[in-house]
Ligand code: IPE
Ligand code: IPE
Ligand code: MG
């Protein structure tokens, strides 16, 4: 996968967390006169390749956007197909993920997912909970706004129950009530298929994330595109508001 003649990256400078908006499955299928389903299926293969490359690079956290809170607006047939595809692949890939020491984590509101998928997700997270390799976050029924509202509600409940005082609410305690609690913010956000928008992904966490957009459609995504993104990321001067 990785070109042999490529210089190894300095691990210290690599992103600790990469987030990806996996977009363009529909357009990929359309270009081939195939149903959208074919695009989603090819998208799963792209995800498998991506995970392999990220593991190879030793990047600690990968977050992928698989289904947004707004994606329920799609025709029921497509939604059902996506849910089934995720469930089937989770089932078939679980032993592989586990063998590769990958810890699976789900971001999003699981309560609204079909029961079968929810159980599969629960089992996969339980099985891999003790793994110490890549942390793989799959954002499913995820929306940044919904996540922030859920965190606000959780904090309000803790204040109401007398476990927490309003004065203790700050960026750190708020962050600890988000789905990404305990994880570093993404250093690099990749979006495929060219759209220059965030589409409700990780709104809180991307405050200082470097954004990289490619026209490559998600099913065509591969290790070489990740290297392009990382090469570009490594050239950037991250300032975090300071006068560097
Ligand atoms: C991304 O591909 C997959 C999901 C959002 C589930 P799309 O299905 O959005 O593909 P386009 O944007 O129509 O090409
Ligand atoms: C973002 O893609 C959501 C996922 C990749 C899961 P969309 O295709 O839903 O985004 P919009 O509608 O183009 O903003
Ligand atoms: Mg799309």
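The numbers here are math on the coordinates, done by the rules we state, and not lab data. Please read these numbers as outputs of a predicted model, since none were measured by experiment. Backbone-built Cβ (ideal geometry, glycine too); neighbour counts: all protein chains shown.
Look at 64, 159 and count the other Cβ atoms within 10 Å of each Cβ; fewest to most, that gives 159, 64.
The overall shape of the stretch 96-213, judged from the alpha-carbon gyration tensor, is oblate: a/c is not under 1.5, and a/b is no greater than b/c. From helices alone, the chain scores -13500 deg cm²/dmol at 222 nm; the rule is -39500 (n - 2.57) for each run of n ≥ 4 DSSP H residues, then divide by the residue total.
Straightening the chain between residue 111 and residue 227 buys 38.1 nm, computed as 0.36 nm per residue apart minus the Cα-Cα spacing. When its C-alpha radius of gyration is set against 2.2 N^0.38 Å (N residues), the stretch 1-131 gives a value of 1.15.
Placing a label point 7 Å from the Cα of residue 127 along the Cα-to-Cβ line, no residue of the stretch 45-69 has its backbone N under 16 Å from it. Residues considered: 110, 136, 189. Largest GNM mean-square fluctuation over the chain, using C-alpha springs under 10 Å, is found at 110.
Rounded, prolate or oblate: which fits the stretch 164-242 when a ≥ b ≥ c are the square roots of the eigenvalues of the alpha-carbon gyration tensor, with rounded for a/c under 1.5 and prolate only if a/b beats b/c? Prolate shape, in that a/c is at least 1.5 and a/b is the bigger ratio. Note on residue 211 and residue 32: with the Förster distance fixed at 22 Å, the Cβ-Cβ geometry gives a FRET efficiency of about 0.15. Shape descriptor for the chain: Rg over Rh equals 0.97 (Cα atoms; Rh from the Kirkwood inverse mean 1/r). Measuring r between the beta carbons of residue 79 and residue 238 and using R0 = 35 Å, the FRET efficiency lands at 0.40.
Under 8 Å for C-alpha pairs, at least 6 residues apart: give me the relative contact order for the chain, rounded to a whole percent.
Relative CO of the chain lands at 28 percent.
Sorted fewest first by neighbouring Cβ atoms within 10 angstrom, 98, 40 come out as 98, 40.
When 174, 240 are sorted by how many other C-beta atoms sit within 10 angstrom of their C-beta, beginning with the fewest, the order is 240, 174. For the chain, a Gaussian network of Cα nodes joined below 10 Å ranks 95, 199, 165 by mean-square fluctuation, and the top entry is 165. Just to be sure I understand: with springs between alpha-carbon atoms less than 10 Å apart, which residue in 15, 186, 114 has the highest mean-square fluctuation in the Gaussian network model of the chain? Maximum among the listed residues: 114.
Each Cα pair under 8 Å and six or more residues apart adds its separation to the average, and for the stretch 22-150 the resulting relative contact order is 31 percent.
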